[in-house]
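The values are calculated or read from the model by the stated rules, or taken from the named source; none is laboratory data. This structure is a prediction, so every number in the text was calculated from the model and none was measured. Note: ideal-geometry Cβ built from the backbone for every residue, glycine included; neighbour counts use all protein chains shown. For accessibility, only protein heavy atoms count, side chains too; no ligands or nucleic acids. Shrake-Rupley method; radii C 1.70, N 1.55, O 1.52, S 1.80 Å.
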Amino acid sequence: MTTNTEELLHSILDNLAKVEYIKPEDIPNIDLYMDQVTTFMDDRLRHKTRNPGEDKILTKTMINNYAKNDLLPPPEKKKYNKEHMLLLIFIYYYKNILSISDIQTLLKPITKEFFKTEEEFNLESVYREVFGMEEEQMQHLKQDVLDKFKTADKTFADAPEQDRAFLKKFSFICLLSFDVYVKKLLIEKLVDDLRDGEAEKK
């Protein structure tokens with residue numbers, strides 16, 4: 001591929017290395033009003049968006065809709081606690097790939113069992129466990145992206161020279177897209193399995 005494409009790849013990989021999840025200790029231990037919630041999320045997540053100057057991270061309308069759709073327990077006296085914040089972070093990442101209905105199926109058992117529980121193992125424990133896998137998975141992800149880049153770079157060797165760079169980049173995008181597509185199908189199947197299991201219990 002062209003030097004520009006390789007530079008873009010290395011820029012992406014560098015950015016991946018800088019991705020960090022919001023740690024529970026970074027979240028205020030005091031209950032927050034709606035404006036404080038949106039400001040906190042905006043400060044922590046805006047720099048990771050595609051268009052930082054335009055993209056909406058979390059709005060009042062979004063939060064109210066999440067509560068109406070049973071994705072988020074209602075606030076107490078218009079204030080959101082630390083566990084509300086953890087759920088909002090989950091929702092923020094899920095909403096890019098799953099429907100509201102799927103997120104509801106996924107989070108409902110978590111909220112039911114671990115939200116505001118008196119047990120030692122709580123919602124924060126769940127959050128720490130799953131997001132704690134990030135560092136190891138990021139290394140695998142970076143290697144996978146590099147492997148796909150090398151595979152795509154071997155394609156279209158016989159294509160017209162003036163089109164070759166574009167077609168190689170197109171191959172790279174196709175490989176990445178296929179990976180996302182298959183994983184999305186898998187996630188949807190797992191969510192459907194959870195939904196079927198809940199239906200059987202009822």
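Scanning region 125-142 finds one or more residues that are charged (D, E, K, R), under 22 Å from Asp14 (Cα atoms), in contact (Cβ under 8 Å) with a residue 24 or more places away in the chain and surrounded by fewer than 16 Cβ atoms within 10 Å (Cβ to Cβ). Quick one: what pairs do we get from region 28-46, first residue within 14 Å of Leu88 (Cα to Cα) and aliphatic (A, V, I, L, M), second open to solvent by less than 50 Å² (accessible area, probe 1.4 Å) and not in a helix (DSSP H, G or I), C-beta under 6 Å, 6+ apart or different chains? Taking only residues 6 or more apart or on different chains, the pairs are Leu32/Tyr80; Val37/Tyr80; Met41/Ile57; Met41/Leu58; Leu45/Ile57. Pairs are defined by a Cβ separation below 6 Å, a sequence spacing of at least 6 or placement on different chains, a first member in region 177-194 that is within 20 Å of Thr105 (Cβ to Cβ), and a second member that is open to solvent by 80 Å² or more (accessible area, probe 1.4 Å) and among the aliphatic types (A, V, I, L, M); no pair meets this definition.
If only residues of region 73-82 that are closer than 18 Å to Pro28 by Cα and in a loop (DSSP other than H, G, I, E, B) are counted, the one that is most open to solvent (accessible area, probe 1.4 Å) is Lys77.
Of everything in region 100-118 that is part of a loop (DSSP other than H, G, I, E, B) and either modelled with pLDDT under 90 or open to solvent by less than 30 Å² (accessible area, probe 1.4 Å) (or both), the residue that is farthest from Asn64 (Cα to Cα) is Glu118. In the set (1) touching a helix residue (DSSP H, G or I) at 6+ places or on another chain (Cβ under 9 Å); (2) assigned to a helix (DSSP H, G or I); (3) over 24 Å from Asp192 (Cβ atoms); (4) open to solvent by 100 Å² or more (accessible area, probe 1.4 Å), Phe121 fails one condition alone, (2). Evaluate the following for Tyr181: is it aromatic (Phe, Trp, Tyr) and closer than 25 Å to Asn81 by Cβ? Criteria not met by Tyr181. Tell me, please, whether a residue that is surrounded by 14 or more Cβ atoms within 10 Å (Cβ to Cβ), touching a helix residue (DSSP H, G or I) at 6+ places or on another chain (Cβ under 7 Å), over 30 Å from Phe149 (Cα atoms) and not acidic (Asp, Glu) can be found in region 9-21. Within region 9-21, not a single residue is surrounded by 14 or more Cβ atoms within 10 Å (Cβ to Cβ), touching a helix residue (DSSP H, G or I) at 6+ places or on another chain (Cβ under 7 Å), over 30 Å from Phe149 (Cα atoms) and not acidic (Asp, Glu). The residues on offer are Ile63, Ile57, Ile89, Ile27, and the sole one that is open to solvent by less than 60 Å² (accessible area, probe 1.4 Å), of a type in the set (A, V, I, L, M) and touching an Asp or Glu at 6+ places or on another chain (Cβ under 7 Å) is Ile57. If you go through region 132-188 and keep only what is under 23 Å from the mean Cα position of the chain (by Cα) and not in a helix (DSSP H, G or I), you end up with Gly132, Met133. Candidates Ile57, Ile27, Ile63: the one that is under 20 Å from Val126 (Cβ atoms), of a type outside the set (S, T, N, Q) and within 19 Å of the chain's Cα centre (by Cα) is Ile27.
Residue check: Lys201 meets all listed conditions (1) at pLDDT below 95; (2) within 28 Å of Pro24 (Cα to Cα); (3) not aromatic (Phe, Trp, Tyr) but one, namely (2).
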